[in-house]
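Here the structure is laid out as structure tokens; the discussion comes afterwards.
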Amino acid sequence: MTNSENKSSSAFPIPTAHVMSQLPTQFFATLVQNVNREIANGHDVINLGQGNPDTPTPPHIVQSLQQSAENPLYHKYSPFRGHSFLKEAVAQRYREDYHVELDPETEVAILFGGKTGLVQLPQVLLNPGDVCLVPDPGYPDYWSGVALAQARMSFMPLLQSNSFLPDYEAISAEDRHKAKLMFLNYPNNPTSATAPLSFYEDTVEFALKNQIVVASDFAYGAIGFDGHRPVSFLQAPGAKEVGIEFYTLSKTYNMAGWRVGFALGNAEIISKINLLQDHIYVSLFGGIQAAAAEALTGPQDCVTSLVARYESRRNTFFEALSTIGWQAPKPKGSFFGWLPVPEGYTSAAFADILLREAKVAVAPGIGFGSHGEGYIRIGLLSGEERLREAAERIGTLNLFK
Ligand SMILES: Cc1ncc(COP(=O)(O)O)c(C=O)c1O
């Protein structure tokens, strides 16, 4: 799955860097096109296919940006590596929520959203031919960074039989030896699984033994259900020695459009990310940094109510699914559901039927990797009425007997 090399026959051929042709194609672009076609044809599509938070940023954070936009200090270039107050703010949140101590100046890098860091990390750590361990199914941005580093991916299957955690014993001796980096992501996109502290303790041991850097993508770190706060990788003893965690404000505070993320942990890795960023960016707009600090240090009841909203949607939707005979375990975290497709369908064919015949858009599991086959992902990013209606529409197709 790579973009084909573009050889122009025009009189002025535009060159293409070889590495560009290695970038994976965007599987979900086709899904978006299909959804848009149904909408253009006048259909009322319930779109459960994407991962974009549907409710607005809490007002006190927006007001903070409004006020700080007027501050002339922020109209100048920001410090290259961002304002200290923002690094201190995220360190404070980690101390309060996870009892993890971080040095704001050496163990925190400010990112233009988590995605940027996920793509940068392989480029600062890997050389062509190095191996990166990647979850399958997994978030496709991991593939992009590995491709840009011209490294090789070795996929770690996430199987229901192992609670969607990777089985380190199953990794071949060769890949274990060659691997220099590993991505993990809990609460997980797309499977919605969460990871216990014991898993991260095993991970630190595995990483130390095999000299593999761990990158924990904690994008859904705030979203855990039934009273369980998801565990941070950095809570495992020794985690900072072997890796970093990516954190983002996109999901915790409904700030996906603001582009604020962090890399946290191992100081040597953080300094490499900062060095690369010194050559590409001049940190985020100061006003956004001030509002981001307000999000992290201000009242956190907005997070509690957001999680309660997703939990209530989850309960409504999964009850409605069980009424139509679609049995699936309820998610423990993230805002996704990972549902098995009925026998006889591929995930893509099943998603296609739901869109064409029920006007409900879902993401086929195959788009997240070969072990995503047999599942579809839904996002709990519509109101309860719409979620119930989606299940009812699917029920009328009589596919679950
Ligand atoms: C698993 C995962 N990681 C990282 C991100 C990136 O988030 P952002 O770039 O908005 O910080 C997302 C966004 O959907 C995600 O699902």
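Below is a table of values for the structure above.
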read-out: Viscosity 1.567 mPa s, temperature 4 °C, Stokes-Einstein D of region 246-292 from Kirkwood C-alpha radius, µm²/s; value: 110
read-out: FRET efficiency, E174 to R37 (Cβ-Cβ, R0 41 Å, nearest 0.05); value: 0.35
read-out: Accessible surface ranking that places the most exposed of S347, S161 first, with a 1.4 angstrom probe; value: S161, S347
read-out: Cα gyration tensor shape of region 306-358, rounded if a/c is under 1.5, else prolate or oblate by comparing a/b with b/c; value: prolate
read-out: Carbon and sulfur %, accessible surface of the chain computed with the full protein complex present, 1.4 Å; value: 52
read-out: Calculated [θ] (222 nm, deg cm²/dmol) that DSSP helices of n ≥ 4 give over the chain, each run adding -39,500 (n - 2.57); value: -11500 deg cm²/dmol
read-out: Net length gained if the chain between A328 and Y281 were fully extended (0.36 nm per residue, minus Cα distance); value: 12.5 nm
read-out: Compactness relative to 2.2 N^0.38 Å, alpha carbon Rg of the chain; value: 1.00
read-out: Nonlocal amide H pairs with L133, under 5 Å, H built at 1.01 Å; value: S154, K180, L181, M182, F183
read-out: In Hz, Karplus ³J(HN,Hα) per residue of region 184-189 (6.51, -1.76, 1.60; θ = phi - 60°; x = Gly, Pro); value: 10, 8, 9, x, 8, 9
read-out: Selected from M182, V213, L148, residue furthest toward positive end of dipole (region 146-236; charges at beta carbon); value: L148
read-out: J(HN,Hα) series, region 280-292, from Karplus relation 6.51 cos²θ - 1.76 cosθ + 1.60, nearest Hz, glycine and proline x; value: 10, 10, 10, 4, 6, 3, x, x, 5, 5, 5, 5, 5
read-out: Antiparallel content of DSSP bridges confined to the chain, in %, to 5; value: 50
read-out: Order of exposure, largest accessible area first, which applies to Y94, Y281 with probe 1.4 Å; value: Y281, Y94
read-out: Charge dipole of the chain about the Cα centre (unit charges at C-beta), most positive-ward option of L118, A173, P13; value: P13
read-out: Where region 302-401 is the region considered: accessible area per residue in Å², 1.4 Å probe; value: 40
read-out: Solvent-accessible surface (1.4 angstrom probe) belonging to R309, in square angstrom, nearest 10; value: 100
read-out: Geometric extent, Cα atoms of region 49-93 - Rg, Dmax (angstrom); value: 14.1, 41
read-out: Relative contact order (%) - criterion: Cα under 8 Å, at least six apart; region: region 242-361; value: 14
read-out: Kirkwood-based shape ratio for region 162-230, expressed as Rg/Rh from alpha carbons; value: 0.99
read-out: Given charges at beta-carbon only (K, R positive; D, E negative), |dipole| of region 1-129 in Debye; value: 460
read-out: Inverse mean reciprocal Cα-Cα distance (Kirkwood Rh) of region 1-144, Å; value: 20.5
read-out: Where region 1-124 is the region considered: accessible area per residue in Å², 1.4 Å probe; value: 60
read-out: Lysine pairs in the chain with Cα atoms under 16 Å, if 8 or more residues apart or on separate chains; value: 8
read-out: Extreme residue, positive dipole direction of the chain, given options A267, S312, Q235 (C-beta unit charges); value: S312
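The values are calculated or read from the model by the stated rules, or taken from the named source; none is laboratory data. Because the structure is a prediction, the values reported are computed rather than measured. Backbone-built Cβ (ideal geometry, glycine too); neighbour counts: all protein chains shown. The area values use the complete protein model at the heavy-atom level, side chains included, leaving out ligands, DNA and RNA. Shrake-Rupley method; radii C 1.70, N 1.55, O 1.52, S 1.80 Å.
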